[in-house]
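One structure is given below, encoded as structure tokens.
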Amino acid sequence: MFVENSNIPNRDVKTCISSINIDNMQNIKIQSCLAVYDEISYHADIQVIHIGYNEIIIEPNMFDKYINEFGKIGLKCIKGQNSISNKYPNDVCYNGCIIGDYFIHNLKYTDPVLLKCIKQKGLKCINVEQGYTKCNISVVNKSSFITQDMGIYSNLKDIFDILYIQPDKSIKLGNMQGFIGGATGLIGSNKWFINGDINRLREKDKILDFLKSKNVECIYLSGENIIDMGSIIPIKYE
């Protein structure tokens, strides 16, 4: 059984796509994409986007590398049109965020195949200036998320319940500063995973209070640095 709504499982997930291993889950490891800079070369949210149920859109140069492995678990693989490359905005074609009935992205840069599929599904498109949209949105449930991007917060605060937190150097992306969306992901209907120790974040109390208000549990790796690993894409329950 596949996760029906992208990014928002309704029970515990057994299979995900990510660049890290998560205990008690089958992890389909993302491969290196040499077309982009090293820090994001293994990031799932740069190379692929799950659009619900068994459908996933893949950046064309990586398509042949994933089609067999993804096909083994029943995913329908759709090849995107635009190849990603090293220079922004050519690396954000697939970095949109689906949450509930909405698709959020800088629509000028969205891959045409992805945009067509989104519209066919009847999702409402919202344009934001931030091209690294999924990197900057940490989904909590279908109507709420956490972001460190003030533009996203300002644009969407009347549609979603949003917790804005300040950018935090505790989130690492190689030698760069990472993003809260890229460091987190839902692995169950009420399980929000962060790749590292949440106690390292300056505003961890605000985050924990926000999660508690949504009846969502925080799962974290005690004592570890917080690493932006390119999101967790929840795929299957079994």
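The values are calculated or read from the model by the stated rules, or taken from the named source; none is laboratory data. Remember, it's a predicted structure, so these values are computed and weren't measured experimentally. Positions of Cβ are generated from backbone atoms using ideal geometry, with glycine treated the same way; all protein chains shown enter the neighbour counts.
Is it the case that the range 59-72 has a residue that's over 15 Å from the mean Cα position of the chain (by Cα) and part of a strand (DSSP E or B)?
So far as the range 59-72 goes, no, none of its residues is over 15 Å from the mean Cα position of the chain (by Cα) and part of a strand (DSSP E or B).
Can you tell which of Tyr42, Tyr53 is among the hydroxyl-bearing types (Ser, Thr, Tyr) and more than 18 Å from Lys134 (Cα to Cα)? Reasoning before the result, please.
Working: Tyr42 fails: more than 18 Å from Lys134 (Cα to Cα).
One residue alone meets the criteria, Tyr53.
Among (1) at pLDDT below 95; (2) within 19 Å of the chain's Cα centre (by Cα); (3) over 22 Å from Gly100 (Cβ atoms), which single condition is Ile227 missing?
It fails just one condition, (1).
Is there any pair linking a residue in the range 212-226 that is in contact (Cβ under 8 Å) with a residue 24 or more places away in the chain and closer than 25 Å to Asn10 by Cβ to one that is among the aliphatic types (A, V, I, L, M) and surrounded by 12 or more Cβ atoms within 10 Å (Cβ to Cβ), with Cβ under 7 Å and at least six apart or on different chains, and which?
Here the result reads Lys214/Val140; Val216/Val140; Cys218/Ile194; Cys218/Ile198; Cys218/Leu208; Cys218/Leu211; Tyr220/Ile194; Tyr220/Ile198, each pair linking the range 212-226 to a residue that is among the aliphatic types (A, V, I, L, M) and surrounded by 12 or more Cβ atoms within 10 Å (Cβ to Cβ).
What's the total number of residues in the range 155-171 that are surrounded by 19 or more Cβ atoms within 10 Å (Cβ to Cβ) and in a strand (DSSP E or B)?
The qualifying residues number 3.
If the requirement is being closer than 24 Å to Asn106 by Cα and either out of contact with any Pro (no Cβ under 6 Å at 6 or more places or on another chain) or crowded, with 20+ Cβ neighbours inside 10 Å (or both), which of these qualifies: Ile226, Ile152, Ile194? Full working, then the answer.
Details: Ile226 fails: closer than 24 Å to Asn106 by Cα; Ile194 fails: closer than 24 Å to Asn106 by Cα.
Answer to the check: Ile152.
Return the total of residues in the range 63-81 being surrounded by 14 or more Cβ atoms within 10 Å (Cβ to Cβ) and either acidic (Asp, Glu) or touching a Ser or Thr at 6+ places or on another chain (Cβ under 9 Å) (or both).
2
Restricting to the range 30-58, what's the tally of residues that are part of a strand (DSSP E or B) and buried (at least 17 other Cβ atoms within 10 Å of the Cβ)?
8
For the range 94-119, how many residues are buried (at least 18 other Cβ atoms within 10 Å of the Cβ), part of a loop (DSSP other than H, G, I, E, B) and in contact with a Leu (Cβ under 8 Å, 6 or more places away or on another chain)?
Qualifying residue count, the range 94-119: 2.
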